[in-house]
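Here, each number is a calculation from the coordinates, and none is a lab measurement. This one's a predicted model, so the numbers in the text were calculated from it and none came from an experiment. Reconstructed Cβ throughout: ideal geometry from the backbone, glycine too, with neighbour counts over all protein chains shown.
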Amino acid sequence: MAVTSRRAGAGGGDVTAMALPSAGRSKQDIREKVWEHLEASGLAEFPRPVRGRIPNFKGSSHAAARLRGLPEFRAARTVKINPDAPQRNARFLTLEARKTLLVPTPRLRTGLFNRIVPPPGATKEMLRRCATSQGVRDYSVPVGLDGKARVDLVVVGSVAVSEKGWRIGKGEGYADMEYAMMVSMGAVQEDTPVVTIVHDCQVLDIAEELLGDHDLTVDYILTPTRTIQTNCKRPKPQGIMWHKVSSEMLGKIPILKTLRCREKQAGKDVTLQDEHPALADTNRAAISDKKVMPANPQPRAAPGSAPVREPHVESNPGNPKSEGSDPITAVYVGNLPGSLRVSQLKSALRELQVAPVALKWQGAQHRAFLDYRDQGAALRAVSCLQGLSLGGNALRVELARSQRNKGQGEINSHK
């Protein structure tokens, strides 16, 4: 089987390509374009719609079949594969090859892995059933941390991926967390290969600056027409980054508590995001000085006239840059659900350690503007917030095209 590297050789076949320049785009922009293209071009498969999912696509079984051509797959004894629909055939092929198949538990609520255990003497048809989402539920046993699991190959889903190995998931971060947890429990090593299965149109140019240090990269990309070896040199996550884990997240993923206890006993720093005193002080300052939010922003009152209610703005009164003449950089946050409260957005900002010096809430317009001291802080916020889902909506996050208070006409350009 031919293996291409980076852009060398397309491998033939009818490829439905999509021009999607990465310059100036966010992760969420890329996700939306991919989901839209798959639906509009007739490439999307059940479950539909593919928006908000690791998308299933026509030809996913052919793409997964390329696993058999990878020496790393043939040599693997234990393979971890995500439960998404486009990886169904990969799960079947793993079971057919009599390898141990591990599938992450949904949202990591009840542990990390389930091991698929087909009935004795299972036929191919039964193995195919075991590879479905229902089969994973019916024919699996949990694998605890004491199971000493050693994973030889990791297969993850993607919404988009570049030939350099940069990967964009659906935005919830579970694949990244799963990998970090596997590192922490010793299940994967630095050289454990990571594979993703996508349609050709999901292979795009992705700017490296969109990646965070927690983002998982891939070593192989399997499409219906190509096997791409990325030769990615960017380090994969080295374990759980506890300073990015909140107490809320710890409560939602019970296995994290066990891993944290183990790492604490091993002498590692396991201070959580909201346990850092300096960060807590910053967050408290950033959410002070509350004002009332009107239904629509209104202009400032002229000198001597009655005061006019302004949009809900929260600022750090100890930082004159948020109200003075020094330049600040604004971040636009859109697609806020109508039921979302400003307190929920604030909580997310605190969890991600990207509390702004000022927050301008425009809930009626389903958006908010966050002010940061400089462009570096704003870009970090964009990177951290990209793909965040609140109230069932994947947020749209990007640098604002105008600074706040520069005129409602410019702000409207973000609608």
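3J(HN,Hα) along the stretch 359-367, derived from phi through the Karplus expression 6.51 cos²θ - 1.76 cosθ + 1.60 where θ = phi - 60°, amounts to 10, 10, 9, 10, x, 5, 9, 6, 8 Hz, with x in place of Gly and Pro. Taking the DSSP bridge list for the stretch 4-229 and keeping only pairs wholly inside it, about 50 percent are antiparallel. The ranking of ARG350, ARG53 by Cβ neighbour count inside 10 Å, starting from the fewest, reads ARG53, ARG350. Taking a point 7 Å out from the Cα of ARG137 in the direction of its Cβ, none of the residues of the stretch 43-69 has a backbone N less than 14 Å from it.
Per the Cα gyration tensor, the stretch 4-229 maps to an equivalent ellipsoid with semi-axes of 27, 19, 17 Å, ordered largest to smallest. Listed by Cβ neighbour count within 10 Å, with the fewest neighbours leading, GLU398, GLU275 appear as GLU275, GLU398.
For ARG396, the residues 5 or more places off, or on other chains, whose built amide H falls under 5 Å of its own are GLY334, ASN335. The simple Förster model, with R0 at 22 Å and r as the Cβ-Cβ distance, assigns ARG77 and ARG234 a FRET efficiency of 0.25.
In the stretch 79-226, taking the dipole from charged Cβ atoms about the Cα centre, the farthest positive-side position among SER133, LEU216, PRO83 is held by SER133.
So which of LYS170/LYS268; LYS236/LYS268; LYS27/LYS236; LYS170/LYS244; LYS80/LYS268 end up more than 21 Å apart, counting from Cα to Cα? Beyond 21 Å: LYS170/LYS268; LYS80/LYS268.
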